[in-house]
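We did not get these values from a lab; they are worked out from the coordinates using the rules stated. Because the structure is a prediction, the values reported are computed rather than measured. When we count neighbours, we look across all protein chains shown, and the Cβ atoms used for this are built from the backbone with ideal geometry, even at glycine.
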Amino acid sequence: MKKLFFTALLLLAGTAAIFAQKGKVASALSYKESGKLDKAWEAIKETLDPANPKSEKTLNWTGTWQARGEIIEAIILSKDENFKKLVPNPVEEAYTSYMKAVEFDEKGGNQILKLKLVTFANTLINSAVTAYQANDYAKATDYFEKKLMIDKLPLFKTEATIDTAIIYNTGLAAMNAKMYEKAIQYFTDCTKYGYNGGSSYAQIISAYQLLGTREDTIKAVGIMKEAFNKYPNDQSINVQLINYYIMSGQPNEAINYLDKAIEKEKDNSSFYLAKGVALDRLGRQDEAIEVYKKATEIKPENADAYYNIGVIYFNRGVKQFDVANAVPTTDQARYETEKTKADDYFKAAVPYLENAVKYNPKDTYILDQLKNLYYRLKMMDKFEAINKK
């Protein structure tokens, strides 16, 4: 009987020790509620100190880790700079604490913990935004990802909503952090959920292009075509396809998409300019001139369109001058005829180069070309006037 009584006393002593340690967790939370975050932090650290024999009662208890998360979150939100210095990397530490609380929640349905995680998810978002605004994009990406990990916890399986806005923002942060593969992952998720239309596709395309390998470029073009088929009215996708085909030396393909773009925006001078460039590269200069003229009708100050027309006429003049120079010296009359044809081309270039200078006066290269043309054509009044500028 005495033996049984002694055993009972031992059991009671063990239970008392457990309650004592859990009482310290409660004390830590009480300090937190009263704003004494330094004391709260010291108290919770004691309950999780492996060197403290008594802490074995609270090391694997969900309540301890939840309390630690709450205290660190209060430190994050505090305006007292002294409190903020208590915990290095507080956002990461708070996240670790809450995840430990989830791990040790054996029944898996702790509703109080669930509410704390909802609150902490908002803290993660705010911390991510702060990091993003401070240009710490890697940290912003990490915090957004942690928020998304919370969304996937079994605690939230009955409210399994997809936070597409945060997925998109995670992709943006990853893009700015130059983590392009990770950005592709998140923007691809956005496309699966139909979020942000062609913009998500445009980000994927940019990420592949920035990765820079030939394989990535091929993937980018595939995404462009997929996006164009899905969002044919999204001009940003069309423009990316146009730029790709122009830059990769495929003007026919560029013209195909330019015509589609022009059909949707008939008053977009840039599309006519780009189509003129594509036609020019195909050797269809007469068509290019007409398209360039259309660009200037829509936007009279389109210096590039004027310049490109002037260059076509100038190049024709150069070729024709070569024809004149090939005439035998004994046939002076024919030489003069061929040279006059060359001069006519040079004269045709003049008004277009003049307009190019007018609307882009800071481009010294165009200015020099116009000077040379005046001199060649013996337009000395204009040559002297422009030389004074």
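Any idea what angle helix 2-33 forms with the longest principal axis of the chain, computed on alpha-carbon atoms, 0 to 90 degrees, nearest 10?
That works out to roughly 40 degrees.
Take the Cα of ALA138, step 7 Å along the line toward its Cβ, and report every residue of segment 160-192 whose backbone nitrogen sits under 11 Å from that point.
177-179
For ASN52, what charge total do you get from the other residues with a beta carbon under 15 Å from its beta carbon, if Lys and Arg give +1 and Asp and Glu give -1?
+2
Among the trypsin sites (Lys or Arg not before Pro) in segment 354-386, which ones are in a DSSP loop with at most 16 other Cβ atoms within 10 Å of the Cβ? Mind listing them?
LYS362, LYS378
Let me know the charge dipole size of segment 301-389 about its Cα centre in debye, to the nearest 20, where only the beta-carbon of Lys, Arg (+1) and Asp, Glu (-1) is charged.
The dipole of segment 301-389 has a size of about 140 debye.
Given a Förster distance of 51 Å, report the FRET efficiency between LEU77 and LEU282 from their Cβ-Cβ distance, rounded to the nearest 0.05.
Given R0 = 51 Å and the Cβ-Cβ separation, E is 0.20.
Can you classify segment 202-349 as rounded, prolate or oblate using the Cα gyration tensor, where a ≥ b ≥ c are the square roots of its eigenvalues, rounded means a/c under 1.5, and otherwise it's prolate if a/b beats b/c and oblate if not?
prolate
Here are a few candidate values for log10 I(q)/I(0) by the Debye sum over Cα atoms at q = 0.07 Å⁻¹: (1) -0.68; (2) -0.59; (3) -0.35. Which one was actually calculated from the structure I just gave you?
Of the labelled values, this structure produces (2).
Suppose R0 equals 35 Å; then what is the FRET efficiency for LYS39 and GLU181 from their Cβ-Cβ distance, rounded to the nearest 0.05?
In this case the efficiency is close to 0.20.
Using 0.36 nm times the number of residues separating THR96 and THR130, minus their current alpha carbon distance, what extension gain do you get?
That works out to 10.2 nm of additional length.
Excluding GLN235 itself, calculate the net charge of residues whose Cβ lies under 10 Å from the Cβ of GLN235, where each Lys or Arg counts +1 and each Asp or Glu counts -1.
Surrounding charge for GLN235 is 0.
Could you tell me what a quarter of the Cα convex hull surface of segment 301-389 works out to, in nm² with one decimal place?
5.7 nm²
What is the helix-to-structure angle for 269-281, meaning the angle in degrees between its Cα long axis and the longest Cα principal axis of the chain, kept from 0 to 90 and rounded to the nearest 10?
That works out to roughly 60 degrees.
Starting from the Cα of ASN60, move 7 Å in the Cα-to-Cβ direction to define the label point; list residues of segment 106-125 whose amide nitrogen is under 18 Å from there.
Label zone hits: 106-108.
Only residues of segment 298-341 count here: report those whose backbone N is under 16 Å from the spot 7 Å along Cα→Cβ of TYR365, or say none.
So the set is 303-312, 315.
Mind running the shape call on segment 270-320? Use the C-alpha gyration tensor, a ≥ b ≥ c as the square roots of the eigenvalues: rounded below 1.5 for a/c, prolate if a/b tops b/c, oblate otherwise.
Oblate, because a/c is 1.5 or more while a/b does not exceed b/c.
May I ask for the Kirkwood hydrodynamic radius of segment 246-301, worked out over all distinct Cα pairs and given in angstroms to one decimal?
11.0 Å is the Kirkwood radius here.
Filter the trypsin sites (Lys or Arg not before Pro) in segment 86-193 down to the DSSP loop ones having no more than 14 other Cβ atoms within 10 Å, then list what survives.
The qualifying sites are LYS107, LYS152, LYS178.
Explain nothing, just compute: Karplus ³J(HN,Hα) = 6.51 cos²θ - 1.76 cosθ + 1.60, θ = phi - 60°, for every residue of segment 285-292 in order, whole Hz, x for Gly and Pro.
5, 4, 5, 4, 4, 5, 5, 4
Taking R0 as 22 Å, what's the FRET efficiency between ASN256 and ARG214 from their Cβ-Cβ distance, rounded to 0.05?
Here the calculated transfer efficiency is 0.45.
Kindly write out, for segment 257-267 in residue order, the coupling ³J(HN,Hα) from the Karplus curve 6.51 cos²θ - 1.76 cosθ + 1.60 (θ = phi - 60°), rounded to whole Hz, with x marking Gly and Pro.
6, 5, 4, 5, 5, 5, 4, 8, 10, 5, 10
Kindly identify segment 25-154 as rounded, prolate or oblate by the Cα gyration tensor criterion: order the square roots of the eigenvalues as a ≥ b ≥ c, call it rounded if a/c is under 1.5, otherwise compare a/b with b/c, prolate if a/b is larger, else oblate.
oblate
Could you work out how far apart the two model spin labels at TYR195 and ASN372 are, taking each label as a point 7 Å from the Cα in the direction of the beta carbon, and quote it in nm?
5.5 nm
Return the distance in nm (one decimal) between the two label points of a simple spin-label model at ASN243 and THR158, each offset 7 Å from Cα along Cα→Cβ.
4.9 nm
So what J values fall out for segment 186-195 if you push phi through Karplus, 6.51 cos²θ - 1.76 cosθ + 1.60 with θ = phi - 60°, rounded to Hz, Gly and Pro as x?
The phi angles translate into 6, 5, 5, 4, 4, 5, 5, 8, x, 8 Hz.
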